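Below is one structure, written out as structure tokens; comments come after it.
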Amino acid sequence: MNTKINYYKLASTRLLEKIISEFSYEGIFAPVQNDADQEVYTIKITSVIYYKFKATKRIYGNLIVHQDSTIRHENDCSEVADDAIRFIIDTLPITKINPVTTAHFIKELNNTIYADIAILQKDKLSASEIYKLPYAYIEGNMTGHPWFVINKGRIGFNSSDHANYAPEMQKIINLSWIAVNKDLITFSCISNLSYSKITQKEIHPDILESFNKTIMTNNKNPDDYFVLPVHPWQWENVLKQQFTKYIADGEIIFLGESTDQHLAMQSIRTLSNISHPEKHSIKLPLNILNTAVYRGLPKNQTINAPMLTEWVKTIAKEDDFLSTCNFILLGELASAYCKHPYYSDISESPYYFTEQLGAIWRESIHSRLKNNEKAITMAALTYIDPDGKSVLCEMIKESSLNVSQWLDIFFENTIPALLHFLYKYGMVFSPHGENSILIIENNLPVGLAMKDFVDDINICKNPVEELATLPQEVKDVIPQVDDDYLLQFIHTGLFVVHYRYISTILADKLNFPELYFYQKLHECVERYQTSNPELKARFKRFDLYKKNFEKLCLNRLRIFEVGYGDYSSRPKVISTGQLENPLYLGKRFKEINTQEFYYNKVSFRPFCLEKDLDTIHKWMNKPHVAKFWNLDKPKEHLKKHFCNMLSNTNQNLFMLSIDGREIAYAEIYNAKKDRIAEYFLANDNDYGWHLLIGPEDAIGRGYSKLLVEALSKYCFSELGADKVVFEPDVRVIPFQKIAPKIGYKNQGQINLPEKQAYLFICSKDSFNVGKEL
């Protein structure tokens, strides 16, 4: 067995599946769903080449590709698709990525596959083992950005660099140190800190004395120099050559390495001290291109980081609500920035040329934890081990709570502080998984910490009252944006970048429907809003419940919008289309679930997976139901099926009773968004329904007419339908007799993949029941 090629194929296959999923989500291509089997999709490229795969559609419209299901077809030949690079080349006729971008993009994909192979070759830790590791070691076990397909592109690293400095390799890094003439450095710190305090905490006295001797050996006075850490890669690959003038005239002096051991965090450029975890984390420039940008240190953010830290932390400290939250802002307490002797004088030079030398000292999470608290990167909640087990699911399992209970605690301890900054101060951070740290105790979430918040602070352009007297020095450096853009930091930065993946994991692994997840999120937002009525006007202004929000696309940013050219500023993501807001859907789902509908003798209640699985399993396996629904399956199969149904935002599921006895199950769906729209001219307000009667003794008792009347009435009165449709199998005679009496007109026979059916349509005007409408 050729182990190398097996690792390559496995890494390449998983990347191919991710590319299909994320490119489909971003609209780079549009797979066509199979009518006969709605889990089967096809990407047609040319008349002779196409790809076919199985996938589950999720709440954002994204497709989760089933592992190892993708087949490449060319002419009359087919083979398992395991070549991500070949897929990119094959699909060029439909993606239309330009040749220069394609070549660079493939370079990043190859780098990503190389890194993923190294991960596959590591000793495997289980999901339950990973989240129990110390914080820095958890970071090193993460597998990269869940959305970017080039999440380990790392242009600038060679294979040795990858082995020594990639976070997942978990190699010990000893920082290099240099002395830089104070005249070249802009040093900043919070008010109760100083350069001397930083060096005393970070550098052992013996090491500092050795550094000073080296400076004096170069005939320089240590009092004229700042001592700064540099990343070993940056020193060897950038600074020694690009700062040659300063090095030659003794303005920069190499001092050697410190003895403290560090590990690279997920961002690669931030290093955590594992010799003394309470010491600062160090953020250093690393001029490699990874995901969206070069990982340098921008001048303005670096210089102003301590001032912004102090300003935001003062707000948090003095706010009564925030003081009750276990919400930690890991401050960037001190910074140093050195401008380049030449690049800084070039107007509009590529941004990374001016971000080569500097340092930021950030609070360590270990210095802020209470007794018995543990920190894990929020990104760990998306981690799935080689056996398919999830960190998130293992945490829930070991907490002894069910999913719903655990999520209540999770949201209550992570969301309110972010909401409060938004609603009261018109301020947001970027709370995606890599920036957020979950604080847990006894396997339960008890708080949230934010890092890198200084880089991503944005405030509303039209300031709220609480920021009306914003200090000028703050106003000068914080981006001030429109309200809709501000909300993107929550919608995209949290919901799409993070919750999109963990809601999928809970649906896939624990059969917890995605709509249940977003209902839980809504309930947390609702509790915050109810307990803060004085901010009611802000809830309307910063409306998180808009039905749709703009879709931002990270992969499009690279392959279409900016490519691999040089720019004077960091690229910004441009919106592409609209997304249905899952928070809005969660709110609507709760509203539906808390209402019962009554008409004549019929009552509706929402279908509940936990409560109704046994009943629906029994009904689906009855011969009179099975021959039409084809769901006479084991209970676990039905549990997965109905979990996916409850994650489909285009429909609602109900249990129906007559005279208090539960006898039927129904699905009501938007016809315009359903395949039935291929068979008639559908409008946005057209709805359809499916119905089954479960108990045999309920057949032939005249219940069908009552149920059809009630379903139709619900669509017209509760949903505001213009037309209502249903498509009974031609063998179902009772519905064909009942429908015309109620106002439905038979449009003739239609051929659906699973049945021959009649299409019946009823308009609001022709509905013969309840003319009070």
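The values are calculated or read from the model by the stated rules, or taken from the named source; none is laboratory data. Please read these numbers as outputs of a predicted model, since none were measured by experiment. Backbone-built Cβ (ideal geometry, glycine too); neighbour counts: all protein chains shown.
Could you check, for region 465-485, whether at least one of its residues is touching a residue at least 40 places away in the same chain (Cβ under 8 Å), touching a strand residue (DSSP E or B) at 6+ places or on another chain (Cβ under 7 Å), surrounded by 18 or more Cβ atoms within 10 Å (Cβ to Cβ) and under 30 Å from residue 353 (Cβ atoms)? Working first, answer last.
To start, the set of residues in region 465-485 that are touching a residue at least 40 places away in the same chain (Cβ under 8 Å) comprises 466-467, 471, 473-474, 477-478, 483-484.
With touching a strand residue (DSSP E or B) at 6+ places or on another chain (Cβ under 7 Å) added as a condition, the list becomes 467, 478, 483.
Narrowing the set further to residues that are surrounded by 18 or more Cβ atoms within 10 Å (Cβ to Cβ) leaves 467, 478.
Still in the running and under 30 Å from residue 353 (Cβ atoms): 478.
Yes, region 465-485 contains at least one residue that is touching a residue at least 40 places away in the same chain (Cβ under 8 Å), touching a strand residue (DSSP E or B) at 6+ places or on another chain (Cβ under 7 Å), surrounded by 18 or more Cβ atoms within 10 Å (Cβ to Cβ) and under 30 Å from residue 353 (Cβ atoms).
From 284, 271, grab the single residue that is in contact with a Gly (Cβ under 8 Å, 6 or more places away or on another chain), in the same structural domain as residue 351 (by TED's automatic domain parsing) and closer than 30 Å to residue 147 by Cα. Lay out the reasoning, then the answer.
Working: 271 fails: in contact with a Gly (Cβ under 8 Å, 6 or more places away or on another chain).
Exactly one residue qualifies, and that residue is 284.
Out of curiosity, is residue 721 surrounded by 13 or more Cβ atoms within 10 Å (Cβ to Cβ), assigned to a loop (DSSP other than H, G, I, E, B) and at pLDDT 95 or above?
Numbers: surrounded by 13 or more Cβ atoms within 10 Å (Cβ to Cβ): yes; assigned to a loop (DSSP other than H, G, I, E, B): yes; at pLDDT 95 or above: yes.
Judged against the criteria, residue 721 is a match.
Considering only residues that are part of a helix (DSSP H, G or I) and exposed (fewer than 15 other Cβ atoms within 10 Å of the Cβ), which ones fall in region 551-582? I'd like the intermediate steps shown before the answer.
Let us first name the residues in region 551-582 that are part of a helix (DSSP H, G or I), namely 554-562, 582.
561 - this is the single residue of region 551-582 that is part of a helix (DSSP H, G or I) and exposed (fewer than 15 other Cβ atoms within 10 Å of the Cβ).
So that you can scan it fast, the table gives a plain yes or no per residue for (1) hydroxyl-bearing (Ser, Thr, Tyr); (2) assigned by TED's automatic domain parsing to the domain that holds residue 433:
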{"site": "347", "(1), (2)": "yes, no"}
{"site": "352", "(1), (2)": "yes, no"}
{"site": "356", "(1), (2)": "no, no"}
{"site": "360", "(1), (2)": "no, no"}
{"site": "363", "(1), (2)": "no, no"}
{"site": "378", "(1), (2)": "no, yes"}
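State yes or no: is residue 302 free of Cβ contacts under 8 Å to residues at least 24 places away in the same chain and of a type in the set (Val, Ile, Thr)? Can you show your working first?
Working: free of Cβ contacts under 8 Å to residues at least 24 places away in the same chain: no; of a type in the set (Val, Ile, Thr): yes.
Considered against the rule, which asks whether it is free of Cβ contacts under 8 Å to residues at least 24 places away in the same chain and of a type in the set (Val, Ile, Thr), residue 302 comes out as no.
Could you grab me the full set of residues in region 230-261 that are within 40 Å of the chain's Cα centre (by Cα), surrounded by 23 or more Cβ atoms within 10 Å (Cβ to Cβ) and either among the hydroxyl-bearing types (Ser, Thr, Tyr) or assigned to a strand (DSSP E or B) (or both)?
230
For region 82-97, enumerate the residues that are within 18 Å of residue 9 (Cβ to Cβ) and either over 26 Å from the mean Cα position of the chain (by Cα) or assigned to a helix (DSSP H, G or I) (or both).
The initial filter retains those residues of region 82-97 that are within 18 Å of residue 9 (Cβ to Cβ), namely 82-90.
The answer is 84, 85, 86, 87, 88, 89, 90.
Which condition number in (1) in contact with a helix residue (DSSP H, G or I) (Cβ under 9 Å, 6 or more places away or on another chain); (2) not in a strand (DSSP E or B) is the one that residue 484 fails?
For residue 484, the failing item is (1).
Only one of 723, 764, 755 is over 36 Å from the mean Cα position of the chain (by Cα) and closer than 25 Å to residue 642 by Cβ; which? Full working, then the answer.
Details: 723 fails: closer than 25 Å to residue 642 by Cβ; 764 fails: closer than 25 Å to residue 642 by Cβ.
The unique qualifying residue is 755.
Would you call residue 739 hydrophobic (A, V, I, L, M, F, W, C), buried (at least 21 other Cβ atoms within 10 Å of the Cβ), over 20 Å from residue 36 (Cβ atoms) and in the same structural domain as residue 752 (by TED's automatic domain parsing)?
Details: hydrophobic (A, V, I, L, M, F, W, C): yes; buried (at least 21 other Cβ atoms within 10 Å of the Cβ): yes; over 20 Å from residue 36 (Cβ atoms): yes; in the same structural domain as residue 752 (by TED's automatic domain parsing): yes.
Yes.
Return the residues of region 333-349 that are closer than 14 Å to residue 285 by Cβ and under 32 Å from the mean Cα position of the chain (by Cα); say none if nothing qualifies.
Once the filter is applied, which keeps residues that are closer than 14 Å to residue 285 by Cβ and under 32 Å from the mean Cα position of the chain (by Cα), region 333-349 yields only 335.
Listed here are the residues, each with its yes/no results for (1) modelled with pLDDT under 95; (2) over 24 Å from the mean Cα position of the chain (by Cα); (3) buried (at least 22 other Cβ atoms within 10 Å of the Cβ).
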| site | (1), (2), (3) |
| --- | --- |
| 144 | yes, no, yes |
| 147 | yes, no, yes |
| 152 | no, no, yes |
| 158 | no, yes, no |
| 171 | no, yes, no |
| 178 | no, yes, yes |
| 182 | no, yes, no |
| 186 | no, yes, no |
| 190 | no, yes, no |
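For region 443-461, does any single residue satisfy the condition of being surrounded by fewer than 17 Cβ atoms within 10 Å (Cβ to Cβ) and farther than 22 Å from residue 374 by Cβ?
Going through region 443-461, the residues surrounded by fewer than 17 Cβ atoms within 10 Å (Cβ to Cβ) turn out to be 461.
Still in the running and farther than 22 Å from residue 374 by Cβ: 461.
Checked region 443-461: at least one residue is surrounded by fewer than 17 Cβ atoms within 10 Å (Cβ to Cβ) and farther than 22 Å from residue 374 by Cβ.
Could you tell me whether any residue of region 705-728 is without any contact (Cβ under 8 Å) to a residue 24 or more places away in the chain and of a type in the set (A, V, I, L, M, F, W, C)? If you could, list the steps in order and put the result at the bottom.
Pass one, region 705-728, residues without any contact (Cβ under 8 Å) to a residue 24 or more places away in the chain: none.
The answer is no, given that none of the residues of region 705-728 is without any contact (Cβ under 8 Å) to a residue 24 or more places away in the chain and of a type in the set (A, V, I, L, M, F, W, C).
If you take the residues of region 653-703 that are in a helix (DSSP H, G or I), of a type in the set (Gly, Ala, Ser) and within 28 Å of residue 751 (Cα to Cα), which of them is farthest from the chain's Cα centre (by Cα)? Give the steps one after another, and end with the answer.
Just the residues of region 653-703 that are in a helix (DSSP H, G or I), to begin with: 671-673, 675-678, 696-698, 703.
Pick out the ones that are also of a type in the set (Gly, Ala, Ser) and you get 671, 677, 698.
Of the ones still in play, those that are also within 28 Å of residue 751 (Cα to Cα) are 671, 677.
Values: 671: 30, 677: 32 Å.
Checked region 653-703; the qualifying residue farthest from the chain's Cα centre (by Cα) is 677.
Test of understanding: among 117, 138, 198, 113, which residue is in contact with a Cys (Cβ under 8 Å, 6 or more places away or on another chain) and part of a helix (DSSP H, G or I)?
Values: 117 fails: in contact with a Cys (Cβ under 8 Å, 6 or more places away or on another chain); 138 fails: in contact with a Cys (Cβ under 8 Å, 6 or more places away or on another chain); 113 fails: in contact with a Cys (Cβ under 8 Å, 6 or more places away or on another chain).
Answer to the selection: 198.
Among the candidates 292, 264, which residue alone is modelled with pLDDT under 95, outside the structural domain of residue 452 (by TED's automatic domain parsing) and not β-branched (Val, Ile, Thr)? Can you show your working first?
Details: 264 fails: modelled with pLDDT under 95.
After applying the criteria, what remains is 292.
Does residue 589 fit the bill of being closer than 20 Å to residue 642 by Cα, in contact (Cβ under 8 Å) with a residue 12 or more places away in the chain and not in a helix (DSSP H, G or I)? Can you show your working first?
Values: closer than 20 Å to residue 642 by Cα: yes; in contact (Cβ under 8 Å) with a residue 12 or more places away in the chain: yes; not in a helix (DSSP H, G or I): no.
For residue 589, the condition - closer than 20 Å to residue 642 by Cα, in contact (Cβ under 8 Å) with a residue 12 or more places away in the chain and not in a helix (DSSP H, G or I) - is not met.
Considering 549, 560, 512, which residue is out of contact with any helix residue (DSSP H, G or I) (no Cβ under 7 Å at 6 or more places or on another chain) and either touching a residue at least 60 places away in the same chain (Cβ under 8 Å) or outside the structural domain of residue 606 (by TED's automatic domain parsing) (or both)? Give the steps one after another, and end with the answer.
Values: 549 fails: out of contact with any helix residue (DSSP H, G or I) (no Cβ under 7 Å at 6 or more places or on another chain); 512 fails: out of contact with any helix residue (DSSP H, G or I) (no Cβ under 7 Å at 6 or more places or on another chain).
So the residue among 549, 560, 512 that is out of contact with any helix residue (DSSP H, G or I) (no Cβ under 7 Å at 6 or more places or on another chain) and either touching a residue at least 60 places away in the same chain (Cβ under 8 Å) or outside the structural domain of residue 606 (by TED's automatic domain parsing) (or both) is 560.
Quick check, is residue 611 part of a helix (DSSP H, G or I) and not polar (S, T, N, Q)? Talk me through it step by step, then tell me what you get.
Values: part of a helix (DSSP H, G or I): yes; not polar (S, T, N, Q): yes.
Considered against the rule, which asks whether it is part of a helix (DSSP H, G or I) and not polar (S, T, N, Q), residue 611 comes out as yes.
Which condition from (1) in contact (Cβ under 8 Å) with a residue 40 or more places away in the chain; (2) in contact with a Phe, Trp or Tyr (Cβ under 8 Å, 6 or more places away or on another chain) is the one that residue 445 breaks?
(1)
Here's the yes/no breakdown for (1) within 26 Å of residue 291 (Cβ to Cβ); (2) not small (Gly, Ala, Ser):
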| position | (1), (2) |
| --- | --- |
| 447 | no, no |
| 463 | no, yes |
| 466 | no, yes |
| 490 | yes, yes |
| 502 | yes, yes |
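I'd like the full set of residues that are under 18 Å from the mean Cα position of the chain (by Cα), farther than 30 Å from residue 127 by Cβ and among the hydrophobic types (A, V, I, L, M, F, W, C), limited to region 443-496.
As a first pass, look at region 443-496 and keep what is under 18 Å from the mean Cα position of the chain (by Cα): 448-453, 456, 485-496.
Keeping just the survivors that are farther than 30 Å from residue 127 by Cβ gives 485-488.
Those that are under 18 Å from the mean Cα position of the chain (by Cα), farther than 30 Å from residue 127 by Cβ and among the hydrophobic types (A, V, I, L, M, F, W, C): 486, 487.
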